[in-house]
Amino acid sequence: MACKVVILFFFVNLLLQVSKTWATVPAIIVFGDSTVDPGNNNHVPTVLKSNFEPYGRDYNGGKPTGRFSNGRIATDFVSEAFGIKPAIPAYLDPNYDIKDFATGVSFASAGTGYDNATSDVLSVIPFWKELEYYKEYQGKLRRHLGKDEANRRLTESLYLISIGTNDFLENYYIFPTRSLEYSVDEYQSFLIGIASNFIRELYRLGARKVVIGGLPPMGCLPLERTTNMFFGSDCIDEYNNVAKDFNKKLQGAITGLKQELNGIHLFMANPYDKLMEMIQNPSHFGFEDAETACCGTGFFEMSYLCDNMNPFTCSDANKYVFWDAFHPTEKTNAIMADYAVKTTLAGFR
């Protein structure tokens, strides 16, 4: 009997410790591109929007929020896994205020990149501006919670950064400006320099728990396969190799920053291998198609080309790894988020 009491006490204490540790992440604060933009682009003058059907058709109430998916995005699932809330709102959405943002907010903008030239392509929010919005948010939070409580929350919050693909696929490989100025290797280093300085600034502003995402196998996105049509629509190995090289360099930069910035808990979430596993073995995850997307013909449609008038959109997005030619389905987002929570983010549990 005494043994059972001891065991029960142990498990109760363990649960209390787990609960207490989870509670040390009171909010999730997000920066990046369309992978984590819940609708900021709805409120900027750009053609890159998704606040119309069939986007969001599987979201709560079938609402097109501006998320580039049929439903929720990965950061929504991370927030839910941390027991905070099921979806992270966009900072520029007037339907929310500081009370909502106090437990999580996204400053991300679809189409942006580390490089200012990338955000200029489609007139979206540049990466540096996301940081300016964050500073503005800090002021609002301090007025809402009081300086001491706000500063505590800002320090204990989890900061997620997901960005970089557009710098290559929307900028470097499309327009000659950067490719004439930098080799691929030099451009990778240029971007990582920006990422490193961004993290340093976040640290200076009080952030201590930071996770930055690497690049996915971007040569396997449906849009890139389509451009590779003459070679059998295979993944573009060059782009995938660039992603893998970039991720190695980013990991090296993170190692250096952890030594430089005292007390920071900094990790890289690497989506490459898990997403590639889904692409190469879709049936293992319950998918039927990893080459084409659900929306439209599945080859090139995105944003306004993926609208409710397109007769080719699939009836069940859960059968597809990709929702449109550039973005994952809600099911893929859920799998990727679950993987991140159990691996990279487990350090914050």
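The values are calculated or read from the model by the stated rules, or taken from the named source; none is laboratory data. All values reported here derive from a predicted model rather than from experimental measurement. Cβ: placed from backbone, ideal geometry, glycine included. Neighbour counts: every protein chain shown. Side chains are part of the model used for accessible areas, which takes the heavy atoms of the whole protein and leaves out ligands, DNA and RNA. Shrake-Rupley method; radii C 1.70, N 1.55, O 1.52, S 1.80 Å.
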For region 275-334, what are the residues that are at pLDDT below 95, within 24 Å of residue 167 (Cβ to Cβ) and open to solvent by 20 Å² or more (accessible area, probe 1.4 Å)? 299, 300, 302, 304, 305
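Just checking, which of 51, 42 is without any contact (Cβ under 8 Å) to a residue 40 or more places away in the chain and either closer than 18 Å to residue 108 by Cα or buried (at least 21 other Cβ atoms within 10 Å of the Cβ) (or both)?
Numbers: 42 fails: without any contact (Cβ under 8 Å) to a residue 40 or more places away in the chain.
Being without any contact (Cβ under 8 Å) to a residue 40 or more places away in the chain and either closer than 18 Å to residue 108 by Cα or buried (at least 21 other Cβ atoms within 10 Å of the Cβ) (or both) holds for just one of 51, 42, which is 51.
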Using the structure shown, decide if residue 69 is buried (at least 19 other Cβ atoms within 10 Å of the Cβ), within 13 Å of the chain's Cα centre (by Cα) and under 30 Å from residue 168 (Cα atoms). yes
Only residues that are of a type in the set (S, T, N, Q) and open to solvent by less than 40 Å² (accessible area, probe 1.4 Å): list them for region 81-134, please. 106, 109, 112, 118, 119
Looking at the structure I just gave you, is residue 288 in contact with a Pro (Cβ under 7 Å, 6 or more places away or on another chain) and among the charged types (D, E, K, R)? yes
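For residue 137, are the conditions met, namely being touching a residue at least 40 places away in the same chain (Cβ under 8 Å), assigned to a helix (DSSP H, G or I), open to solvent by 10 Å² or more (accessible area, probe 1.4 Å) and closer than 26 Å to residue 51 by Cβ?
no
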Sole residue being polar (S, T, N, Q) and under 21 Å from the mean Cα position of the chain (by Cα), chosen from 281, 262, 228, 247: 247
Among (1) over 20 Å from the mean Cα position of the chain (by Cα); (2) in contact (Cβ under 8 Å) with a residue 40 or more places away in the chain, there is one condition residue 148 misses while meeting the rest; what is its number? (2)
